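The next block holds one structure in the form of structure tokens; read it before the comments.
The values are calculated or read from the model by the stated rules, or taken from the named source; none is laboratory data. Keep in mind that this is a model prediction, so the values were computed, not measured. Note that each Cβ is placed from the backbone with ideal geometry, even for glycine, and that neighbours are counted across all protein chains shown.
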Amino acid sequence: MSLLPNALTSRSNVVVLGILLMLLGDFMFALNDAMGKWLVATFSVGQVVFIRSIGAFFVLGPMIAKQERGSLFRLERPGLQVLRVVCATADTAFFYAAVVYLPLADVMSFYMAGPIYVAAMSHFLLGERVRWRRWAAILLGFCGVLIMLKPSSAALSLSSAYALVGSITFALVIILSRKLRGTSDTSLVTWQTIGALVVGAVMMIGNWTTPSGLDLGAMLLLGAVSCIAHLLITRALKLAPASTLAPLHYTLLLWAVVFGIIFFGDVPGPRILIGSAIIVLAGLFIFHRQKVVSEVPEESVKTTVP
């Protein structure tokens with residue numbers, strides 16, 4: 001019996017580590033997003049995604065070299081791996097396509113619905129039980145999305161649609177990362193980077209602008225920052241349940257507002273503020289109900305860090 005408290009403490013410490021890694025990863029993503037918005041103002045989305053992916057291999061290269069030979073190609077559940085690569089690549093492409101025309105905070109407000117989508121999809125894809133109160137909060141969150149989207153023939157913009165679809169693929173990446181937690185972080189991030197590299201190469205055909213040394217360095221740095229953020233969040237999702245970590249993505253909105261004001265002079269409008277407030281409140285309620293009605297499943301948390 002004396003071993004039980006130690007085991008519980010160990011699991012709790014691992015969950016806390018997952019939370020800290022998620023917070024750091026979200027900050028890195030917000031920095032990546034601000035850099036990306038600055039770059040797509042001058043260069044095509046495809047070119048930024050392509051060079052960004054090359055920059056990521058400055059981080060991934062040494063990690064790949066340390067892996068056992070052939071381990072990169074020995075993957076669990078190949079179908080889900082391919083789906084995750086597709087979703088992660090779509091998430092990146094749609095995000096940069098959206099920030100070309102929309103303020104950073106506006107785009108991130110759409111992405112704040114990610115926890116809402118995760119909660120809804122977790123019921124069907126992760127077997128997590130969602131009761132009526134959380135379903136009500138999910139529906140409220142969708143109302144917040146509709147307020148921001150303002151879906152009418154006159155107001156619905158292609159950029160808003162990009163942000164909406166990107167936020168859905170973002171949520172799918174979270175779900176799939178949780179299901180594929182047996183795959184190494186290096187393999188997960190390497191394959192999604194390769195996917196972005198290929199798609200970026202196709203998208204930049206006919207849209208190449210020769211960058212200066214500073215711009216090239218910025219795009220390569222963008223890849224390194226993004227890769228580190230992906231690695232942090234991928235590891236966090238292996239240490240703590242998706243339903244626990246998902247609400248932490250709301251810190252992205254805070255950083256997006258701060259960076260948007262400082263670097264671009266963008267201040268969110270009333271519609272975005274109201275919609276995002278509804279989404280955040282709905283997401284926090286979902287997080288609260290998750291804590292009230294369930295405990296962390298033992299199989300969902302690793303007790304040691306490999």
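Overview of values
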quantity: Qualifying residue in the stretch 255-272 (condition: at positive phi and either more than 12 Å from the chain's Cα centre (by Cα) or surrounded by fewer than 20 Cβ atoms within 10 Å (Cβ to Cβ) (or both)); calculated: yes
quantity: ARG77 under 19 Å from the mean Cα position of the chain (by Cα) and of a type in the set (Lys, Arg); calculated: no
quantity: Sole residue being within 22 Å of GLY166 (Cβ to Cβ), surrounded by 15 or more Cβ atoms within 10 Å (Cβ to Cβ), touching an Asp or Glu at 6+ places or on another chain (Cβ under 8 Å) and not aliphatic (A, V, I, L, M), chosen from PRO115, PRO103; calculated: PRO103
quantity: Among the residues listed as THR186, THR251, the single one being farther than 27 Å from GLY61 by Cα, hydroxyl-bearing (Ser, Thr, Tyr), out of contact with any Cys (no Cβ under 9 Å at 6 or more places or on another chain) and touching a residue at least 24 places away in the same chain (Cβ under 8 Å); calculated: THR251
quantity: Those residues of the stretch 212-241 which are aliphatic (A, V, I, L, M), under 14 Å from the mean Cα position of the chain (by Cα) and surrounded by fewer than 24 Cβ atoms within 10 Å (Cβ to Cβ), in sequence order; calculated: VAL225, ILE228, ALA229, LEU231, LEU232
quantity: Number of the exception - LYS238 against (1) modelled with pLDDT of 80 or more; (2) assigned to a helix (DSSP H, G or I); calculated: (1)
quantity: Residues of the stretch 176-194 satisfying the condition of being under 16 Å from the mean Cα position of the chain (by Cα) and of a type in the set (Gly, Ala, Ser); calculated: SER177
quantity: Residues located in the stretch 171-184, provided they are crowded, with 20+ Cβ neighbours inside 10 Å and in a helix (DSSP H, G or I); calculated: ALA171, LEU172, VAL173, ILE174, ILE175, LEU176, SER177, ARG178
quantity: Residue in the stretch 123-133 that is under 22 Å from ILE272 (Cβ atoms) and surrounded by 14 or more Cβ atoms within 10 Å (Cβ to Cβ) present; calculated: no
quantity: Odd one out for LEU139 among (1) in contact (Cβ under 8 Å) with a residue 60 or more places away in the chain; (2) aliphatic (A, V, I, L, M); (3) surrounded by fewer than 17 Cβ atoms within 10 Å (Cβ to Cβ); calculated: (1)
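Let's see how each residue does on (1) touching an Asp or Glu at 6+ places or on another chain (Cβ under 6 Å); (2) farther than 23 Å from GLY114 by Cβ; (3) among the hydrophobic types (A, V, I, L, M, F, W, C):
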site: ALA161; (1), (2), (3): no, no, yes
site: VAL165; (1), (2), (3): no, no, yes
site: THR169; (1), (2), (3): yes, no, no
site: SER177; (1), (2), (3): no, no, no
site: THR183; (1), (2), (3): yes, no, no
site: GLN192; (1), (2), (3): no, no, no
site: ALA196; (1), (2), (3): no, no, yes
site: VAL199; (1), (2), (3): no, no, yes
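Residue-by-condition table, conditions (1) within 19 Å of ILE64 (Cα to Cα); (2) not in a helix (DSSP H, G or I):
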| residue | (1), (2) |
| --- | --- |
| ALA161 | no, no |
| PRO211 | no, yes |
| ILE228 | yes, no |
| THR244 | no, no |
| PRO247 | no, no |
| TYR250 | no, no |
| ALA256 | no, no |
